[in-house]
Amino acid sequence: MFMKKDGIQDQDACYHEILLSLDSLLQNAPTPLAKLSNAAALLNVYLDNINWVGFYLAEGERLTLGPFQGLPACDTILLTQGVCGKAATTQSIQRVDDVHQFPGHIACDAKSQSEIVLPIMQQDQLYAVLDIDAPVKGRFDQKDELYLSQVVKILEKNLFHEKNS
């Protein structure tokens, strides 16, 4: 059974709630930083069985820690390193069932067992990656990938439309 932190038991219903809430949150947030912060918090509240969710921002040949929820994390990741680096350089989703089998995996939290990373683009350029870790192997499936891709599309659509004061 798919049990959410707020009591929603259906995976589809949970993601629909995330998508509706995210779109509303992003429309009212004044800056990209505020938008990413609230997105990380929202995902942390709704997604079960995760131990870290956040963003790494693209800066040249590295990714720099952005807003997140969870234990302190690696503050810089080279594009040649880890699951985040692979998602950034290939600009494709990386879903890893067992991070210990992933060549070059970066262990910021030893409890992490599986991971999904999705690139976030701005005008055909990498802006950031959404990174979610879980303390169990095989946590993320095709449905998670599909819905999290929709989360990224909402972020890409709203991230750079700043609220008029």
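Can you pull out the residues in segment 48-88 that are aliphatic (A, V, I, L, M), closer than 23 Å to Asp144 by Cα and touching a residue at least 40 places away in the same chain (Cβ under 8 Å)? Scanning segment 48-88 gives Ile50, Val53, Leu57, Val83, Ala87, Ala88. Listed by first and then second residue, the pairs with beta-carbon distance under 7 Å, at least 6 apart or on different chains, first residue in segment 96-116 and within 9 Å of Pro135 (Cα to Cα) and at pLDDT 80 or above, second part of a loop (DSSP other than H, G, I, E, B) and β-branched (Val, Ile, Thr), are Gln113/Val136; Ser114/Val136.
Would you point out the residue of segment 19-35, among those that are of a type in the set (A, V, I, L, M, F, W, C) and out of contact with any helix residue (DSSP H, G or I) (no Cβ under 8 Å at 6 or more places or on another chain), that is farthest from Leu71 (Cα to Cα)? First the steps, then the outcome.
Of all residues in segment 19-35, those of a type in the set (A, V, I, L, M, F, W, C) come to 19-20, 22, 25-26, 29, 33-34.
Right, trim to out of contact with any helix residue (DSSP H, G or I) (no Cβ under 8 Å at 6 or more places or on another chain) and you get 20, 33-34.
Numbers: Leu20: 27, Leu33: 19, Ala34: 20 Å.
Filtering first and then ranking leaves Leu20.
In the set Leu57, Leu36, Leu63, Leu25, only one residue is assigned to a strand (DSSP E or B) and more than 24 Å from Asp97 (Cβ to Cβ); that residue is Leu57. Pairing residues of segment 34-47 that are free of Cβ contacts under 8 Å to residues at least 40 places away in the same chain with residues that are buried (at least 22 other Cβ atoms within 10 Å of the Cβ), at Cβ distances under 6 Å and at least 6 apart in sequence or on separate chains, gives Ala40/Val53; Ala40/Gly54; Asn44/Val53. For segment 89-137, filtered to residues that are aliphatic (A, V, I, L, M) and farther than 20 Å from Gln150 by Cβ, the residue that is surrounded by the most Cβ atoms within 10 Å (Cβ to Cβ) is Val96.
Here is a yes/no grid of residues against (1) aliphatic (A, V, I, L, M); (2) modelled with pLDDT under 95; (3) farther than 30 Å from Leu78 by Cα:
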| site | (1), (2), (3) |
| --- | --- |
| Gly7 | no, yes, yes |
| Asp12 | no, yes, yes |
| Asp23 | no, yes, yes |
| Leu36 | yes, no, no |
| Asp48 | no, yes, no |
| Phe55 | no, no, no |
| Leu65 | yes, no, no |
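Out of all the residues in segment 133-145, is one or more among the aromatic types (Phe, Trp, Tyr) and in contact with a Gly (Cβ under 6 Å, 6 or more places away or on another chain)? Outline the logic, then answer.
Taking segment 133-145 first, the residues among the aromatic types (Phe, Trp, Tyr) are 140.
Still in the running and in contact with a Gly (Cβ under 6 Å, 6 or more places away or on another chain): none.
No, that holds for no residue.
Just name the residue that is nearest to Arg139 (Cα to Cα) out of those in segment 40-67 that are of a type in the set (A, V, I, L, M), surrounded by fewer than 19 Cβ atoms within 10 Å (Cβ to Cβ) and out of contact with any Gly (no Cβ under 8 Å at 6 or more places or on another chain).
Start the filter on segment 40-67 by keeping residues that are of a type in the set (A, V, I, L, M), which leaves 40-43, 45, 47, 50, 53, 57-58, 63, 65.
Next, only the ones that are surrounded by fewer than 19 Cβ atoms within 10 Å (Cβ to Cβ) stay: 41, 45, 57, 65.
Those left that are additionally out of contact with any Gly (no Cβ under 8 Å at 6 or more places or on another chain): 41, 45.
Numbers: Ala41: 19, Val45: 16 Å.
Among those that are of a type in the set (A, V, I, L, M), surrounded by fewer than 19 Cβ atoms within 10 Å (Cβ to Cβ) and out of contact with any Gly (no Cβ under 8 Å at 6 or more places or on another chain), it is Val45.
The values are calculated or read from the model by the stated rules, or taken from the named source; none is laboratory data. Note that the structure is predicted; figures quoted are calculated from it, not measured. Neighbour counts run over all protein chains shown; Cβ positions are idealised from the backbone, glycine included.
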